Amino acid sequence: MNKSKKLVASISTLLIRRRISHPSSSTLRCNPLAAISTNPQTDLNPVKTLAVSIRRLQFSGRAFSSESSDKRISSVCWNCGFSSDKAAFLFCDSCRSIQPVDDSVNYFQIFGLENKYELEGGSLEGKYKDWQKKLHPDLVHNKSQKERDYAADQSAKVTEACRTLTKRLSRAMYIMKLNGKNINEEETVTDPTLLMEMMELREAIAEADDSKELNQIQSQVQENLKQWSDSFADNFESQRFDEAVKCIRRMTYYEKACEEIVKKL
Ligand SMILES: [Zn+2]
């Protein structure tokens, strides 16, 4: 057995173990990786506090409003029949009844953002705050069971949207999916350079015996993640999707390394 084959085996074992230890990941609708990247301490995005605060919020029984910038999609209200040239996210513009989740509204549209990988600093947070201001905690209280159910579905979608867009990796995978490029997460990494680097990184993490050392490794990993995220953005914008997938593979490993570090810290 040559060295690179051994490395493939080790990484595969690691991946299998991860899947087993995260059974809930398979239940996430848009991106199984989102489940393994929800630790706020591993988050590298400046809006990390947003993800935390969203997880703490109880959306159930609340209603909210948002605008969609995409004029191509349309909707007809189930209650009054009002027809709109934009998807009615949350409310009917006419009778204000709560609408069912419209799957044609993507996560970027929920926050009034363009379908662009790179988010301007604070844009998601800003939009989320706008959206939060529109929350009316008592609004669905007196609504029918049907509308309360719709509201619960809508809030689940908003939570998932924010969680997905906040993280670089899950956002990259999501925008690829929007462009019809599904990432096969089962694919075994065979790039010997990457395998070697990841083995060394794992060893370094395993051998680090104080938080100072771990923090240094973490800074380096985060820097790498940022660089590959920038590289993903370039490749994605230029529609070099094969290269973009390679960037996602790198980002996946760095995210996992971050989790290993946080576990030890
Ligand atoms: Zn209506």
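Some notes on this structure:
- Label-point gap, in nm, between residue 141 and residue 264 - each point 7 angstrom along Cα→Cβ: 5.1 nm
- Relative packing of peptides 166-179, 212-225 - highest average C-beta neighbours within 10 Å first: 166-179, 212-225
- The residue 93 and residue 242 beta-carbon pair, evaluated with R₀ = 35 Å, returns a calculated FRET efficiency of approximately 0.25.
- Partner aspartates and glutamates for residue 256 [C-alpha distance under 12 Å; skip if fewer than 8 residues away on the same chain]: 43
- Over the stretch 146-222, accessible surface divided per residue gives 48 Å², non-protein components excluded, 1.4 Å probe.
- Packing here is the average count of other Cβ atoms within 10 Å per residue, and on that basis the peptides 108-114, 251-257, 200-206, 232-238, highest first, run 251-257, 108-114, 232-238, 200-206.
- Listed peptides 187-195, 99-107 appear in the order 99-107, 187-195 once ranked by packing, highest mean of other Cβ atoms within 10 Å at the front.
The values are calculated or read from the model by the stated rules, or taken from the named source; none is laboratory data. Keep in mind the model is a prediction, meaning the values are calculated, not measured. Neighbour counts are summed over all protein chains in view; Cβ atoms, including those assigned to glycine, are modelled from backbone coordinates with ideal geometry. The protein model used for the area step is the full one, side chains on, heavy atoms only, and it has no ligands, DNA or RNA in it. Shrake-Rupley method; radii C 1.70, N 1.55, O 1.52, S 1.80 Å.
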